[in-house]
Amino acid sequence: MKTHQKPALLFFFAVALLAAPQTFSPTPEMYRALADISAASMRGNLSFLASDLLEGRDTPSRGLDIAAEYIAAQFRRSGLEPAGDDGYFQTAKMLRIDPVADGFELSFHAGAREVAPAKDRVAVVSQRPLELSGAPVWKVRNLADVKAADLKGTVVALTASPKESRAVTRAAAGLQPAAFLETVDDDKDEPLVPRLIDPDAEHAAFGGVPRVIVRGVEVAKALKAAKAGETGLVVSIKLPAPTATPVKVRNVIGLLRGSDPVLRDQYILITAHYDHLGLQGTDGVFHGANDDGSGTVSVMEIGKALAGLPTHPKRSIVFMTFFGEEEGSFGSLYYARHPVFPLDKTVANLNLEQLGRTDSSAGSEVSNASLTGFEFTNVARTLQQAGELTGVKVYETPNGDEFFDRSDNETFAEYGIPAHTIVVAFEYPDYHAIGDVWQKIDYDNMAKVDRMIALGTLMLADSPDAPKWNRANPKAARFTRAK
Ligand SMILES: [Zn+2]
């Protein structure tokens, strides 16, 4: 689960729903499959994925790659069908953005006046070194400004309205400026660019022109005050090495093909993120056992159990683990932009997070589970029925909705797919700390919760009706537009 990036909605309310009739009765084969979900198996898997060797599975890192290979090996052992472009792997070509290195220089001149922003106030997105000496800064507000200018070799400061911004940027990029200049009008201490960028999106937006982003009120003010067109400002830049390096990172995808000739073309995604925070400073390894090694081994375990069914569920079930969630849901966003299975045939996403720690900050959560956006769809009702059959209480926690946008489920919700993150403890000691280790996981409880999730998945997969958004819930309204 990633740290909060957006203000949470602070209100919640209750919606009375009719209790759904309990019509599902699991077959003996289903109960046998559920019994295959093993605490010992997950203890073994998680002790590897959260080991020191994997160095906290940062995106990108060798530890992350080893984890991906291990997950793929377990999918293979279970007999899931490989569904990536490279066996079980969906390869994402991303750009890793590094801070500007030693030797970087940046200064603005307006007549005799000079401003040289500090290195930690600047981010650059460039796949090549850059050296400019006294390049004129052109201020471009709209398409007319672009037409009126010879932008070749200049540094273009874009101040177009959000509505026009994309078109103006593309038009300007076509004239081969030396760089784009963006300013952030504050002095906050926040990252200026993400650590990972999709190169296709970057190229579509900026045409491969390097971007220099400067934070600070002084530069922002100078640009704001400058007239459109040639501003009279000149800029000198020395970037000795590229800041954007191509990297390959991978989602891991295994398919359990549905058995019904019609419903098999609909998909349910069972997901978790397998990355974590890596090595940090002098603190050492952030193991990420609960966040989200627990979800990862649960996806592997539920995949194994359901793959053992003699008759597959009616709908197809996709088991998938994502890279880059902690950096900003990059793995799920990549998948959504490059879906292996059509998103309009994807009927639900159950995303699994933080299933291993029962010592929640809110109290003990033994035999309990919850989900984000509890009343956003009718999925919680199904999971409650599955919980009744497996001894797990699935209940709504007061702050659960605040976590709806804190994990990969949100990516799919934005595409109109009913999507939740299933959680045992929303908050727990050692969250995003080095103490999140595999030894602290309650494996027996996790196996029990996973049986509830596995049974709930079967119920969703076999139901004649796909899950639905709850249109009566105003918080769900923004996600219902696509379906
Ligand atoms: Zn996290």
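The values are calculated or read from the model by the stated rules, or taken from the named source; none is laboratory data. Quantities reported herein were computed from a predicted structural model and do not represent experimental measurements. With ideal geometry, Cβ positions are generated from the backbone for all residues, glycine too; neighbour counts draw on all protein chains shown. To get the accessible areas, we keep the full protein, side chains included, count just its heavy atoms, and leave off ligands, DNA and RNA. Shrake-Rupley method; radii C 1.70, N 1.55, O 1.52, S 1.80 Å.
Could you list all residues from segment 343-366 that are in contact with a helix residue (DSSP H, G or I) (Cβ under 8 Å, 6 or more places away or on another chain) and either open to solvent by less than 10 Å² (accessible area, probe 1.4 Å) or within 16 Å of the ligand (Cβ to nearest atom) (or both)?
Once the filter is applied, which keeps residues that are in contact with a helix residue (DSSP H, G or I) (Cβ under 8 Å, 6 or more places away or on another chain) and either open to solvent by less than 10 Å² (accessible area, probe 1.4 Å) or within 16 Å of the ligand (Cβ to nearest atom) (or both), segment 343-366 yields Thr346, Ala348, Asn349, Leu350, Asn351, Leu352, Glu353, Gln354, Leu355, Gly356, Arg357.
A quick yes/no check of all residues on (1) within 22 Å of Phe180 (Cα to Cα); (2) of a type outside the set (Asp, Glu); (3) under 27 Å from the mean Cα position of the chain (by Cα); (4) surrounded by fewer than 19 Cβ atoms within 10 Å (Cβ to Cβ):
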site: Ile71; (1), (2), (3), (4): no, yes, yes, no
site: Gln74; (1), (2), (3), (4): no, yes, yes, no
site: Ala101; (1), (2), (3), (4): yes, yes, no, yes
site: Glu131; (1), (2), (3), (4): yes, no, no, yes
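In contact with a Lys or Arg (Cβ under 7 Å, 6 or more places away or on another chain) and away from the ligand (no atom under 16 Å from the Cβ): which single residue out of Val247, Val252, Val318 fits that description?
Just a single option satisfies the conditions, and that option is Val247.
So which residues in segment 301-314 are open to solvent by less than 10 Å² (accessible area, probe 1.4 Å) and under 17 Å from Pro82 (Cα atoms)?
Glu301, Ile302, Gly303, Ala305, Leu306
May I ask you to list the residues in segment 255-314 that are under 25 Å from Glu410 (Cα atoms), within 16 Å of the ligand (Cβ to nearest atom) and assigned to a strand (DSSP E or B)?
Listed by number, the residues that qualify are Thr271, Ala272, His273, Gly278, Phe286.
Could you please give the count of residues in segment 414-427 that are touching a Lys or Arg at 6+ places or on another chain (Cβ under 9 Å) and open to solvent by less than 10 Å² (accessible area, probe 1.4 Å)?
6
Kindly indicate whether Ala433 is surrounded by 24 or more Cβ atoms within 10 Å (Cβ to Cβ), within 15 Å of the ligand (Cβ to nearest atom) and either among the hydroxyl-bearing types (Ser, Thr, Tyr) or in a loop (DSSP other than H, G, I, E, B) (or both).
No; evaluated as a whole, the condition is false for this residue.
When you look at Gly153, is it open to solvent by less than 70 Å² (accessible area, probe 1.4 Å) and part of a strand (DSSP E or B), yes or no? Even if it seems obvious, please write down each step before you answer.
Values: open to solvent by less than 70 Å² (accessible area, probe 1.4 Å): yes; part of a strand (DSSP E or B): no.
Answer is no for this residue.
Quick one: how many residues across segment 384-401 are at pLDDT 95 or above and within 24 Å of the chain's Cα centre (by Cα)?
Filtering segment 384-401 down to residues at pLDDT 95 or above leaves 384-396.
After this cut, where a residue has to be within 24 Å of the chain's Cα centre (by Cα) as well, the list is 396.
Qualifying residue count, segment 384-401: 1.
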